[in-house]
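First up is the structure itself, then whatever we jot down about it.
The values are calculated or read from the model by the stated rules, or taken from the named source; none is laboratory data. Note that the structure is a prediction, hence the values are computed from the model and not measured. In this analysis, Cβ positions are derived from the backbone assuming ideal geometry, glycine residues included, and neighbour counts consider all displayed protein chains. SASA here: full protein model, heavy atoms, side chains in, ligands and nucleic acids out. Shrake-Rupley method; radii C 1.70, N 1.55, O 1.52, S 1.80 Å.
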Amino acid sequence: MTSDKSSYQGQGKHAAENGPLPPRGPPAKRNRFTDDNPPERLRHSKLIGSAEQSNIDFKTLHTHIRNYEKDFPSFREPKEIGFFSLNKQHEFQDDRSQLRFYCPPKYEQNEIALDLRKGYHEWIKRDETIKEYIDELVRWIQKHRDKFRIPGQDKDNHRLNTDFVCWRGLLTKLLCTPYENRDGWIIAVTFYKGTYYLCEFDTEAKKHERFNSTPKQQEMSYWGYKFEQYVCSDRPGNEPMTHIPVNTNEAYCTVVRTRLEQHSLVFAGEVDCCDEEGKYVELKTSREVFNERHDRNFKRSA
């Protein structure tokens, strides 16, 4: 399944890293999964296949905004069903250990002075060449199958009773497609025991952008992480620890369940911090907004 600036062509239950599969051709390479060998890793081959293959009438969904100016569909408010952390080594932990707490910055005379360049050269940066795809989310699911079991379901039946599993950011990318005029995407889909697992692959343009970023662009990407460190603490009431290196291996993620029309979804998303009432808080940095275009770009990325 791929997208360009004007449309995307759904590839049913198959997707390839280097582009869409042809409408007809040889069977996709299949990942053989059993209950003892679940689809924990989705990167064993360049081609991500499904547990079955069928003849599909491919459709092109045009992304002109007018096609989607309709009444808002039925959407159930997302409900948290779990959480997990990634530690300093980016290792999975089935707990809240990486949850941070919002700590408003102290300032005088309406002036806030935060040096977002501080500690840049000590930055412990996650290795972006190592792709986890949805591994950590699947690992959480393996540990909490009881969250998906319906009344009367046998414990040996590992169906999730869920239509789609993915990261929150992937859903955002899909929903923004009609309004995005620059970036494309590649999404791999694996169908396993009645559930579609979706994960994103880098496009060639994204790879080129990452490997050819300038030192200034790399520094700018650090600013947002440093800002989070200035306004978050590890315990309620504690002061932010801005003297230690920023470590982007660490993360806290929430897992939620929702429903869009007749489709059930479970997805995970990283959380910046929570407030004193325990409500999650999203932190954003942006250039100063001087005109309508700046405001539109800020809201699009929020």
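Some notes on this structure:
- Residues residue 89 and residue 281, FRET efficiency given R0 of 30 Å [Cβ-Cβ distance, rounded to 0.05]: 0.70
- The stretch between residue 233 and residue 149, if pulled fully straight at 0.36 nm per residue, gains 26.6 nm over its current Cα-Cα span.
- Checked against a 22 Å cut-off, the cross-linked pairs 125/216; 143/193; 173/299; 88/125; 118/279 give Cα-Cα distances beyond that limit for 118/279.
- The slack between residue 270 and residue 241, meaning 0.36 nm per residue of separation minus the straight C-alpha distance, is 8.4 nm.
- Loop-located GluC sites (Glu not before Pro) in region 97-198, at most 10 other Cβ atoms within 10 Å (DSSP): 128
- Modelled this way, with points 7 Å down the Cα-to-C-beta line, the labels at residue 183 and residue 96 are 3.1 nm from one another.
- Cα shape, region 224-302, gyration tensor, a/c 1.5 rule: oblate
- Within the shell defined by Cβ-Cβ distances under 9 Å, the residues around residue 256 carry a net charge of +2, with Lys and Arg each +1 and Asp and Glu each -1.
- Restricting attention to region 161-272, close to 70% of DSSP beta bridges with both partner residues there are antiparallel.
- With the simple spin-label model, which puts each label point 7 Å out from Cα in the Cβ direction, the residue 292 to residue 121 separation comes to 4.5 nm.
- Counting only Cα atoms, the size of region 219-262 along its three principal axes is 49, 30, 16 Å, in decreasing order.
- Solvent exposure ordering (accessible area, 1.4 Å, most first) of 233, 213: 213, 233
- For region 157-291, the calculated P(r), taken from all Cα-Cα distances in 10 Å bins from zero up to the bin holding the longest distance, is 9, 28, 34, 23, 6, 0 percent.
- Radius ratio Rg over Rh of region 71-208, counting only Cα atoms, Kirkwood formula for Rh: 1.03
- Per-residue 3J(HN,Hα) values for region 207-224, derived from phi via the Karplus relation 6.51 cos²θ - 1.76 cosθ + 1.60 with θ = phi - 60°, read 4, 4, 5, 5, 7, 10, 5, 7, x, 5, 5, 5, 5, 4, 5, 6, 4, x Hz in sequence order (x marks Gly and Pro).
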